[in-house]
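The values are calculated or read from the model by the stated rules, or taken from the named source; none is laboratory data. Keep in mind that what you see is a predicted model, and the values were worked out from it rather than measured. Every residue, glycine as well, gets a Cβ built from its backbone with ideal geometry; the counts of neighbours run over all protein chains shown. Accessible surface areas use protein heavy atoms only, side chains included; no ligands, DNA or RNA. Shrake-Rupley method; radii C 1.70, N 1.55, O 1.52, S 1.80 Å.
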Amino acid sequence: MDAYEYIKGAIIDGKFEPGMRLGEEFLAKELSLSRTPIREAIKHLEADGLVVPLKRGVSVRNFTTEDIRQIYDLRTILEGYAASQAAIYRTEADMEQMEAANIVYEQVIDEHVQSDMDSIKEIVAVNQRFHEVIIQAANNAHIHFHLSKVVVVPIVYRSFYWYNDYQLKQSLEVHKTILQAIRNKEPERAKIAMHEHIYQGRDHVLKHLENIKNS
């Protein structure tokens with residue numbers, strides 16, 4: 001497995017816990033690789049905001065309550081704007097991709113097994129696909145660049161442990177509202193629905209933050 005993907009996966013799964021020091025020697029032994037690909041992977045992970053530099057090596061980033069609030073506030077602004085722009089610039093091809101992603105999202109929710117990591121990963125991946133198509137439809141390359149810096153992957157994955165069936169269905173219904181607003185070319189409605197969607201996610205994360213950190 002690619003060094004970057006392995007380390008990122010270990011952070012997401014909780015094998016490498018927040019605050020854990022990751023030295024090049026340790027990672028090289030763990031992955032049976034030389035230090036060169038490890039260094040490249042670490043640079044990539046630093047750029048993603050998943051690790052922070054130490055005097056020697058890096059440590060897995062630990063997110064405070066204030067970090068979470070600020071990150072979700074930025075996501076709300078950026079993704080709300082993306083949804084409003086998608087409502088203006090979307091094409092029929094964009095709509096087809098959004099609708100297809102949401103159909104798959106509904107399917108994986110129906111098949112979801114709570115607290116099963118493979119099931120959670122599938123839900124997160126399909127959900128991200130839905131959001132990515134909206135960003136693509138906004139026709140603004142800068143939005144994707146900035147959003148990639150504020151989507152906190154480990155927190156997103158770990159938070160899904162605490163979603164029940166009702167909350168997942170609620171997420172799906174908001175997706176449908178966003179879709180309808182974009183299809184109808186209603187930018188303000190699309191923005192407001194996206195704001196509500198992101199804030200629901202933020203409130204859920206904050207409610208379960210200690211559980212997420214300890215899961």
Those residues of segment 116-141 which are β-branched (Val, Ile, Thr) and under 18 Å from ALA193 (Cβ atoms) amount to VAL133, ILE134, ILE135
Loosely packed, with under 13 Cβ neighbours inside 10 Å, within 17 Å of the chain's Cα centre (by Cα) and closer than 22 Å to TYR81 by Cα - does that describe any residue in segment 129-145?
yes
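Listed here are the residues, each with its yes/no results for (1) under 20 Å from GLN200 (Cβ atoms); (2) among the acidic types (Asp, Glu).
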site: GLU92; (1), (2): no, yes
site: MET95; (1), (2): no, no
site: ALA101; (1), (2): yes, no
site: GLU111; (1), (2): no, yes
site: GLU122; (1), (2): no, yes
site: ASN127; (1), (2): yes, no
site: HIS144; (1), (2): no, no
site: PHE160; (1), (2): yes, no
Considering only segment 47-60, I want to know if a residue exists there that is out of contact with any Leu (no Cβ under 8 Å at 6 or more places or on another chain) and of a type in the set (Gly, Ala, Ser). yes
GLU96: passes all of (1) free of Cβ contacts under 8 Å to residues at least 12 places away in the same chain; (2) in contact with a helix residue (DSSP H, G or I) (Cβ under 9 Å, 6 or more places away or on another chain) but (2)
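For segment 75-96, which positions are part of a helix (DSSP H, G or I) and open to solvent by 60 Å² or more (accessible area, probe 1.4 Å)?
Passing the criteria: ILE77, TYR81, ILE88, TYR89, GLU92, GLU96.
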- Message: Take the conditions closer than 19 Å to GLY201 by Cα, modelled with pLDDT of 90 or more and open to solvent by 30 Å² or more (accessible area, probe 1.4 Å) and apply them to TYR105. Does it pass?
- Response: no
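Take residues that are open to solvent by 60 Å² or more (accessible area, probe 1.4 Å) and either at pLDDT below 85 or closer than 28 Å to ALA47 by Cβ (or both) and tell me which of the helices (runs of 4 or more DSSP H) falling wholly in segment 151-215 contain 1 or more. It would help to see each step written out before you state the result.
On the way: elements: 153-159, 165-183, 187-207, 209-214.
Output list reads 187-207, 209-214.
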The correct count of residues that are free of Cβ contacts under 8 Å to residues at least 60 places away in the same chain and either touching a Leu at 6+ places or on another chain (Cβ under 9 Å) or of a type in the set (Gly, Ala, Ser) (or both) in segment 1-29 is 14
When segment 40-74 is checked residue by residue, the ones that are open to solvent by less than 30 Å² (accessible area, probe 1.4 Å) and either under 17 Å from the mean Cα position of the chain (by Cα) or of a type in the set (A, V, I, L, M, F, W, C) (or both) are ALA41, ILE42, LEU45, GLY49, LEU50, VAL51, VAL58, VAL60, PHE63, ILE68, ILE71, TYR72
